[in-house]
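Sharing a structure below in C-alpha cells format, with a few things to ask.
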Amino acid sequence: MMTDRSSALTRQISLHTVLAIGAVFMLLPFWLMLRTSLMPADEIFSGNMLGLGPITLDNYRRVFTEVPIARYYFNGILVVVAIFIGQLVICIPAAYALARLHFHGQTAGLWLVLGAMLIPYQVTAIPVFVLLSELGLINSLGALILPFVGSAFSVFLLRQFFLSIPASVFESARLDGASPARILFAIVLPMARPAIATFGVFSFVSHWNDYFWPSFVLRSDAAATVPFGIVQFLNQDLGAEYGPQMAAATLTVVPLLIGFLLAQKQFVAGMAMSSGQVD
C-alpha cells in the first residue's frame, strides 16, 4: 500500500514538474516583452533581461502621447463586438438547425460547414475585397466587420454543444407545445452560455489580433484596429526603439488577458462540453 502511494506521489511530482517547466517556457516571451517595455533604452541590451533592474514608464508615456491608442482601442472593440453579435445572430440558429432539426439537405449543410472550415479566409480575400470595393466599403469599419459575421467554426462548435444536450430536454419541451424557436431561445440559449463564451473567446482573440485583413482593406489609420495602427506607427516613427515597441505590444495583449481571465471558467466548461459529442 505504501509503495503504491509513494509511486503515485512520484508520478504526480514528475507530472507537475514537467508542467511547471513547460509553463516557464510558455511565459518567458511574455516576461521578456513586459520587462523590455519597462526598461530604459540604455538598459535593454545590458543582459539583465531576466533579473530586476531600473524600471521606467517612459516607454508607455511615449506610446500614449505619440500614438492615437484610444482610437485604435475604440475601433478594435467596436469591430470585435460587432462581429461577435453578428455571429450570435447567424451562427446560433444555423447550429441549432444542424443539430436538432430534421430537413432535406441537413447532411449536405453540415459538409458545407466542414468544408468551409478547411478554407483559410486568405484564399477568398481577393473576391471579398472586390465585393467590398463595389459596395464602397473599403477603408471603413464595415470592411472589417461584414466578412466575418458568419463563422463556420462557430457553427460547428455550437452544433457539437447542442448535440450534447439530452434529447429528453427537447422532447419534454415539444410535449409542452413549445415551438422550435421557443425551445432555442427559452431553453437552449440559457444552457449554451459556456459554448457561447468559448466561441466568443476564439472570436475576440482572432479578430483583435488580426493584421492581415486590416492591412488588405485599410488605406489609412482612421478605421485602424490596434495591431494595424501600432504596426503603422512603429514602421514610420520608432524604427529599432525596442522599449516603445514592447510597450505597444504589451498594450495589445492586455485586453486579451483580461477577457480570458473573465471568461476562463465558461471557456473551459464550453470546450469540455463541445468536445464530448462528435458525429
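Given that compact globular proteins tend to follow 2.2 N^0.38 Å, what is the ratio of the alpha-carbon Rg of the chain to that value?
Working: Rg = 23.6 Å, N = 279, 2.2 N^0.38 = 18.7 Å.
So the Cα radius of gyration is 1.26 times the expected 2.2 N^0.38 Å.
From zero up to wherever the largest Cα-Cα distance of the stretch 28-121 sits, split into 10 Å bins and tell me the percent of pairs in each.
Percent of pairs per bin, in order: 12, 22, 19, 16, 16, 11, 3.
Then there is this: May I ask you to give the solvent-accessible area per residue for the chain, in square angstrom, as obtained with a 1.4 angstrom probe?
Working: 16000 Å² over 279 residues.
Normalised by residue count, the accessible surface of the chain is 57 Å².
Only Cα pairs within less than 10 Å get springs; with that Gaussian network setup on the chain, which residue of Leu146, Leu131, Leu19 has the largest fluctuation?
Leu19
Further question: Quote the FRET efficiency, to the nearest 0.05, computed for Arg219 versus Ala23 with a Förster distance R0 of 45 Å and r equal to the Cβ-Cβ distance. Intermediate values should be presented prior to the final figure.
On the way: r = 42 Å, r/R0 = 0.93.
Result of the calculation: an efficiency of 0.60.
Can you work out the Karplus-derived ³J(HN,Hα) for every residue in the stretch 178-187? Use 6.51 cos²θ - 1.76 cosθ + 1.60 with θ = phi - 60°, whole Hz, and x for glycine or proline.
Values, residue by residue: 6, 7, x, 5, 5, 4, 5, 7, 8, 10 Hz.
Give me the distance between the Cα centres of the stretch 66-83 and the stretch 130-154, rounded to whole Å.
17
Given a 1.4 Å probe and the protein chains all in place, what does the accessible area of Glu43 round to, in Å² to the nearest 10?
Number for this one is 50 Å².
Seen from all sides and averaged, what is the projected area of the convex hull of the Cα atoms in the stretch 147-193, in nm²?
Mean shadow area of the hull around the Cα atoms is 3.7 nm².
Continuing with this model, one more query. Could you rank the peptides 222-229, 161-168, 27-34 by their average count of other C-beta atoms within 10 Å per residue, with the highest value first? Write down the numbers at each step before the final one.
Working: 222-229: 23.1, 161-168: 15.8, 27-34: 12.6.
Packing proxy ranking, top to bottom: 222-229, 161-168, 27-34.
Could I ask something else about it? At a 1.4 Å probe radius, carbon and sulfur cover how many percent of the accessible area of the stretch 4-105?
Details: 4900 of 6580 Å².
Exposed carbon and sulfur together represent 74 percent of the surface.
Within the accessible area of the stretch 121-170, what % is carbon and sulfur when the probe is 1.4 Å and the other protein chains stay in place?
On the way: 1630 of 2270 Å².
Carbon with sulfur: 72 percent of the solvent-accessible area.
When the chain is treated as a GNM, springs tying every alpha-carbon pair under 10 Å, which of Met39, Met26, Met191 comes out with the largest mean-square fluctuation?
Sorting by GNM fluctuation, first place goes to Met26.
Relative contact order for the chain: what is it in percent, counting Cα pairs under 8 Å that are at least 6 residues apart?
On the way: 251 pairs, mean separation 85.9, N = 279.
With pairs under 8 Å counted, the relative contact order is 31 percent.
How many percent of Cα pairs in the stretch 57-202 exceed 21 Å?
Here the long-distance tail beyond 21 Å is 57 percent of all Cα pairs in the stretch 57-202.
The values are calculated or read from the model by the stated rules, or taken from the named source; none is laboratory data. Bear in mind that the values here come from a model prediction, so they are computed numbers and not experimental data. Here the Cβ is made from the backbone with ideal geometry for all residues, glycine too, and neighbour counts use every protein chain on show. When the accessible area is computed, the model is the full protein with side chains, heavy atoms only, and any ligands, DNA or RNA have been set aside. Shrake-Rupley method; radii C 1.70, N 1.55, O 1.52, S 1.80 Å.
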